[in-house]
């Protein structure tokens with residue numbers, strides 16, 4: 001028996017109610033299978049995966065042909081696997097082979113309403129694609145509906161910071177409870193705001209790279225170029241520049257290279273492979 005609320009074992013006793021009648025509201029895939037049927041075992045995980053993806057817009061009724069011989073015969077099954085899509089009490093589609101997932105998706109798309117997209121996931125997808133305004137609109141609406149959700153609030157503040165509204169982002173940080181300020185996302189936001197404030201008057205990257213060609217140990221150029229890399233999420237490059245800055249002048253701006261490295265480690269988290277690499281390099285230099 002599956003743990004999914006959308007998947008159940010169908011029997012002669014429950015078939016009328018849980019399949020035929022239920023299909024008036026929700027389409028039901030009837031999968032007739034047997035333990036000895038290899039294609040059945042190949043198909044079933046795919047059917048379960050797709051059913052769960054529909055988040056309640058589709059049900060999966062599994063009929064064990066050996067245990068439910070009378071029901072299997074009444075369905076007109078002549079070979080296994082046999083899959084029947086029931087909608088409004090009628091068989092509207094089906095097949096009797098182990099179809100690939102791509103074909104199963106096409107079949108379901110013809111009959112089953114797609115699940116509603118999770119707004120949080122949609123906002124992050126827009127954000128990752130570069131559509132900051134689109135993500136900001138969704139997070140703003142979500143925050144209005146649930147102003148106590150700290151994750152949404154921090155994401156909203158992060159987007160505000162990306163748009164240049166550092167004041168609002170700082171206000172959000174100040175408003176967080178002490179325990180929330182210790183969370184990974186809050187630390188990320190704090191570091192991001194700090195780096196954005198520092199980057200306000202940065203010279204162009206090309207100019208900084210020219211300075212480093214002329215003097216590879218120029219501390220100001222190393223620091224400013226590292227900030228550029230951080231803002232572009234080129235974190236390994238940024239860490240490398242900060243290590244070079246420590247080697248060139250560890251006391252530059254009261255040890256800003258070490259401070260920035262530690263902030264970057266916190267921003268990215270201990271599981272980041274670049275963090276592990278450059279933390280070892282930092283410790284090797286210090287000890």
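The values are calculated or read from the model by the stated rules, or taken from the named source; none is laboratory data. A quick note: this is a predicted structure, and the numbers were derived from the prediction, not measured. Every residue, glycine as well, gets a Cβ built from its backbone with ideal geometry; the counts of neighbours run over all protein chains shown.
Are any residues in region 52-91 touching a helix residue (DSSP H, G or I) at 6+ places or on another chain (Cβ under 9 Å), closer than 30 Å to residue 117 by Cα and buried (at least 20 other Cβ atoms within 10 Å of the Cβ), and if so, which ones?
Of everything in region 52-91, those that are touching a helix residue (DSSP H, G or I) at 6+ places or on another chain (Cβ under 9 Å), closer than 30 Å to residue 117 by Cα and buried (at least 20 other Cβ atoms within 10 Å of the Cβ) turn out to be 58, 59, 60, 61, 62, 83, 85, 86.
So which of 248, 226, 257 is over 24 Å from residue 188 (Cβ atoms) and in a helix (DSSP H, G or I)?
Testing whether each residue is over 24 Å from residue 188 (Cβ atoms) and in a helix (DSSP H, G or I) leaves just 248.
Which pairs do you get when a residue that is closer than 17 Å to residue 274 by Cβ, found in region 215-233, comes within reach of a residue that is at pLDDT below 90 and buried (at least 18 other Cβ atoms within 10 Å of the Cβ), reach meaning Cβ atoms under 8 angstrom, with the pair 6+ apart or on two chains?
227/195; 230/195; 230/264; 231/195
Considering only residues that are buried (at least 18 other Cβ atoms within 10 Å of the Cβ) and more than 17 Å from residue 188 (Cα to Cα), which ones fall in region 126-170?
Across region 126-170, the qualifying residues are 126, 135, 136, 138, 139, 142.
Take the residues in region 92-122 that are in a loop (DSSP other than H, G, I, E, B) and surrounded by 15 or more Cβ atoms within 10 Å (Cβ to Cβ), then tell me which one is nearest to the chain's Cα centre (by Cα).
Filtering first and then ranking leaves 112.
Might you let me know whether region 165-175 holds any residue that is within 22 Å of the chain's Cα centre (by Cα) and on the phi < 0 side of the Ramachandran plot?
no
Scanning region 1-48 for residues that are assigned to a helix (DSSP H, G or I) and free of Cβ contacts under 8 Å to residues at least 40 places away in the same chain, which turns out farthest from the chain's Cα centre (by Cα)?
16
Given the conditions (1) on the phi > 0 side of the Ramachandran plot; (2) over 35 Å from the mean Cα position of the chain (by Cα), and given that residue 69 satisfies all but one, which numbered condition is not satisfied?
Tallying (1) on the phi > 0 side of the Ramachandran plot; (2) over 35 Å from the mean Cα position of the chain (by Cα), residue 69 fails exactly one: (1).
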